[in-house]
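Here the structure is laid out as structure tokens; the discussion comes afterwards.
The values are calculated or read from the model by the stated rules, or taken from the named source; none is laboratory data. Predicted model only: the values in this text are computed from it and were never measured. Note that each Cβ is placed from the backbone with ideal geometry, even for glycine, and that neighbours are counted across all protein chains shown.
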Amino acid sequence: MKKFAIVVLIAVAFVAGFGYGRWYGKPARVAAGAAPRKILYWQDPMHPQYKSDKPGIAPDCGMKLVPVYAGSAPADSTSANSMAPGTVQISAEKQQLIGVTYGTVEYQTVTDSIRAAARVTMDETRISKVQPRIEGWIDQVFADFTGKAVREGDPLLTIYSPEALATQQEFLLAMKAQKTVHSNPIHEMQESTDNMVGAARKRLELWDIGDAQIDEVARTGQPIKNLTLTAPRSGFIIDRNAYPKQHVTPDTVLYTVADLSTVWVIADVFEYETANVRLNQGVSLTVASFPGRVFHGRISYILPGVDPATRTLKVRVQFDNPGFALKPDMFGEAEISSGGARKLVVPETAVLNSGDRQVVFLDRGEGRFEPRNVTIGSQSGGFIEILSGLQASERIVTSGNFLIDSESQLKAAK
């Protein structure tokens, strides 16, 4: 029984020691016949300056401490004489822990495009106000609701105007006098009546009374009691202020008619992207109302100032609008294409941008990473243009570089 208990204790100790070693990063078992290496101390894999005489958890990053053996350099030691300032050396195990991945600096043909929030508005050059040029009272209203579609020349309403009625009567009297003196041999009298007829007709025209109504008065010899106002253009009634029996004056705006066969789209371009925007650039627009459908237009105007609140430049794009699919105040996304060019680029994730400096880490082999200051250009499609600091085919870090940068700055501060 005593012998059996000793065997059990040995087995438990072996299992516990094996599990303990696996949990705290103990290396693979020593080959048969090889002497086990002596552990000098345990250190934080992310902050090598932290050392401990026993395994455990690093207080700063929460990672397991890794062993440092006798006769080997620390995992993150570097040679100051052989490396550029800020260069760090990181073991393969730690690289795997922090998720280091690599990429290559390369030339690509980049099609630059700018995406911007956009809003549909009316084409201001295709909006007309309807106002009477005479004083009077509205009799009938034909365009009797907002949103009604009208064609150019369609009747909108009729107006009774005593002043216009009196002028029609003057026009008829002048025409009657013209006929009376037509056979008169005195040339001056004929010319005088012709001038009277012309003046009366001109006054009716200046009051926006159409030729058809004036000709009807001349043909019938009877004045028109209620004159008709017609639509100045084809479009939609977007504002109405005309009701039966309403008194109106030349200051009264009765209707606003907008032609929506062409619309404007206002795109908000961020300030740093404005250098790539120019007149007549092609623009694609997508709206949530029509999934999968793309509308195409061109930049017709670039507003001269930047919005101080949003730091965006408003760009006006003109779109044809067949079927009136695009409606005012719709929201969408505009994509402004600025063509393609061959550029030296890296993935966006490779660049650490602190605002005052941009850094990319180069892979120097054997776990060494060198920080390199770069000058960046435009961004497009997940890539950043490199203007200076890197050369094509150089191997760089594309992820995990934030932790490498922390290690590099810590080493430089020593």
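Could you say whether any residue in segment 251-266 is more than 27 Å from Glu152 (Cβ to Cβ) and without any contact (Cβ under 8 Å) to a residue 60 or more places away in the chain? For segment 251-266, residues more than 27 Å from Glu152 (Cβ to Cβ) and without any contact (Cβ under 8 Å) to a residue 60 or more places away in the chain: absent. Only one of the numbered conditions (1) surrounded by fewer than 18 Cβ atoms within 10 Å (Cβ to Cβ); (2) in contact with a Leu (Cβ under 7 Å, 6 or more places away or on another chain) is violated by Ile238, and that is (2). Looking at Arg278, Arg311, Arg298, just one residue is on the phi > 0 side of the Ramachandran plot and under 16 Å from the mean Cα position of the chain (by Cα), and that residue is Arg311.
Report, by residue number, each residue of segment 348-375 that is hydrophobic (A, V, I, L, M, F, W, C) and not in a loop (DSSP other than H, G, I, E, B). Once the filter is applied, which keeps residues that are hydrophobic (A, V, I, L, M, F, W, C) and not in a loop (DSSP other than H, G, I, E, B), segment 348-375 yields Ala350, Leu352, Val359, Val360, Phe361, Leu362, Phe369, Val374. Just for segment 206-220: of the residues that are within 18 Å of Asp154 (Cα to Cα) and touching a residue at least 12 places away in the same chain (Cβ under 8 Å), which one is nearest to the chain's Cα centre (by Cα)? By that ranking, first place goes to Asp208.
Every condition in (1) part of a strand (DSSP E or B); (2) modelled with pLDDT of 95 or more; (3) surrounded by fewer than 18 Cβ atoms within 10 Å (Cβ to Cβ) is met by Val306 except one, and the failing one is (2).
The set of residues from segment 153-166 being within 15 Å of Glu216 (Cβ to Cβ) and in a helix (DSSP H, G or I) comprises Ala164, Leu165.
Number of residues in segment 242-254 that are loosely packed, with under 14 Cβ neighbours inside 10 Å, at negative phi and not in a strand (DSSP E or B): the value is 5.
Cβ-Cβ contacts under 6 Å between residues 6 or more apart (or on different chains), taken from a first residue in segment 364-382 that is closer than 22 Å to Ser354 by Cα and surrounded by 15 or more Cβ atoms within 10 Å (Cβ to Cβ) to a second residue that is at pLDDT 90 or above and of a type in the set (S, T, N, Q), are listed as Val374/Gln358; Ile376/Gln358. When Ile209 is tested against (1) among the β-branched types (Val, Ile, Thr); (2) in a loop (DSSP other than H, G, I, E, B); (3) more than 16 Å from Arg133 (Cα to Cα), only condition (3) is not met. Considering only residues in segment 126-159 that are aromatic (Phe, Trp, Tyr) and surrounded by fewer than 16 Cβ atoms within 10 Å (Cβ to Cβ), the one that is nearest to Ile209 (Cα to Cα) turns out to be Trp137.
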